[in-house]
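Asker: Take this structure, written in structure tokens, and hold onto it; I'll ask about it next.
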Amino acid sequence: MNPLHKELANAVVAMDEERAVAAANRVVAEGLDPYLAITEGLSAGMRKVGELYDSGEYFVPEILICSDAMNAAIAVLKPHIKADATRKPVKVILGVIEGDIHDIGKNIVKILLDAAGYEVIDLGRNVTAERFVEAARAAGGGIIGLSSLMSTTLENMARVVRGLKEAGLRGDFRVMIGGASASARFAAEIDADGFGRNAKEAVELADRLSRSLPCARTQ
């Protein structure tokens with residue numbers, strides 16, 4: 001791991017906002033890729049935070065402070081990510097499924113999708129299947145990204161796919177899922193089109209899925 005990526009990750013885990021911002025400024029000053037600083041540094045740090053939470057070493061207050069450190073560093077890095085202006089925008093409807101309010105991963109995915117040239121419609125967290133379908137009807141076509149950290153909410157992802165089919169919209173959309181409770185196997189079970197383990201994979205998956213849309217964008 002690049003030393004600055006490691007420093008970003010460690011700063012997030014240490015709940016040290018000042019240290020995270022300093023590392024982010026060094027990334028910019030040294031001309032390093034801010035996209036990789038987020039995916040390989042900050043995201044790695046938040047994955048470690050998630051492990052500490054699962055093991056009972058960190059609790060909600062610690063997670064919130066870690067998130068503050070990560071977001072402060074992202075604020076430094078985001079303006080320096082070069083958006084891909086050569087692409088025709090594909091709409092991505094993004095949200096954390098009903099019953100779950102954990103949106104750290106979703107927010108990172110949004111930043112990277114923005115940078116990759118997508119038109120992101122962020123529905124936020126605790127989003128019902130009905131609201132996803134309404135947004136899909138308004139958008140007319142594109143990609144839907146569903147996120148969930150809690151296994152108890154997975155069935156609500158399935159409800160979104162069923163809702164799209166019942167509304168006659170499934171053919172106009174590709175559905176991708178992500179989050180700690182999701183998996184490629186579950187994606188197949190609910191007839192989603194793919195699973196991304198992290199933010200970087202989510203963008204790569206969106207790129208693949210967008211090429212199979214009825215009105216595929218020009219590459």
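Asker: Output the relative contact order of the chain, whole-number percent, from Cα pairs under 8 angstrom with separation of 6+ residues.
Answerer: Computed over the chain, the figure is 17 percent.
Asker: Here is a further query. How far is helix 3-13 tilted, in degrees, relative to the longest principal axis of the Cα atoms in the chain, given as a value from 0 to 90 rounded to the nearest 10?
Answerer: So the inclination is approximately 80 degrees.
Asker: Tilt of helix 154-166 relative to the longest C-alpha principal axis of the chain, in degrees (0 to 90, nearest 10)?
Answerer: Taking Cα atoms only, the helix is inclined about 40 degrees.
Asker: Please state the relative contact order of the stretch 157-219 as a whole percent: Cα pairs under 8 Å, 6+ residues apart?
Answerer: 30
Asker: Peptides 144-155, 203-214: what's the order by average Cβ count within 10 Å, highest mean first?
Answerer: The densest-packed peptide leads the list: 144-155, 203-214.
Asker: Still on this structure: If I take every Cα pair under 8 Å that is 6 or more residues apart in the stretch 3-80, average their sequence separation and divide by the length, what percent do I get for the relative contact order?
Answerer: RCO, the stretch 3-80: 45 percent.
Asker: On to the next question. Enumerate the calculated ³J(HN,Hα) couplings along the stretch 97-108 in order (Karplus 6.51 cos²θ - 1.76 cosθ + 1.60, θ = phi - 60°), each rounded to whole Hz, writing x wherever the residue is Gly or Pro.
Answerer: 5, 3, x, 10, 10, 7, 10, 4, x, 4, 5, 5
Asker: If you don't mind, another one. Mind pulling the angle between the C-alpha long axis of helix 17-29 and the longest principal axis of the chain? Nearest 10 degrees, somewhere in 0 to 90.
Answerer: It is inclined by approximately 80 degrees.
Asker: Give, to the nearest whole percent, the P(r) tail of the chain beyond 28 angstrom, counting all Cα pairs.
Answerer: Above the 28 Å cut-off, the chain has 29 percent of its Cα pairs.
Asker: Just to confirm the filter: which GluC sites (Glu not before Pro) across the stretch 1-100 are DSSP coil and have at most 12 other Cβ within 10 angstrom of their Cβ?
Answerer: 30, 57
Asker: I would also like to ask the following. Could you run the Karplus curve 6.51 cos²θ - 1.76 cosθ + 1.60 with θ = phi - 60° over the stretch 186-196 and give me ³J(HN,Hα) per residue in whole Hz, x for Gly and Pro?
Answerer: Per-residue couplings from phi come out as 5, 4, 5, 4, 9, 6, 7, 9, x, 10, x Hz.
Asker: Distance between the C-alpha centers of the stretch 128-174 and the stretch 19-69? Whole Å please.
Answerer: Value for the Cα centre distance between the two parts: 30 Å.
Asker: I need the chymotrypsin sites (Phe, Trp or Tyr not before Pro) found in the stretch 8-101, filtered to DSSP loop residues with at most 14 other beta carbons within 10 Å of theirs.
Answerer: Those satisfying the criteria are 59.
Asker: Skipping prolines and chain starts, which residues have an amide H placed within reach, meaning under 5 Å, of the one on residue 174, given they are 5 or more residues away or on another chain?
Answerer: Amide H to amide H, under 5 Å and 5 or more residues apart or across chains, residue 174 pairs with 142, 143, 144.
Asker: Given the Cα atoms of the stretch 91-210, and with Rh set as the inverse mean 1/r over their pairs in the Kirkwood sense, what is Rg to Rh to two decimals?
Answerer: For the stretch 91-210, the value is 0.91.
Asker: Amide H neighbours of residue 100 under 5 Å, counting only residues 5+ apart in sequence or on other chains, H built in-plane at 1.01 Å?
Answerer: 126, 127
Asker: Treating the stretch 3-80 as a set of equal point scatterers at the Cα positions, no solvent, please give the Debye-formula log₁₀ I(q)/I(0) at q = 0.13 Å⁻¹.
Answerer: Normalising to I(0) and taking log10 leaves -0.32.
Bear in mind that the values in this text are calculations on the coordinates, not laboratory data. Just so you know, these numbers come straight off a predicted model, no measurement behind them. Methodologically, a virtual Cβ is constructed for each residue, glycine included, from the backbone with ideal geometry; neighbour enumeration extends over all protein chains shown.
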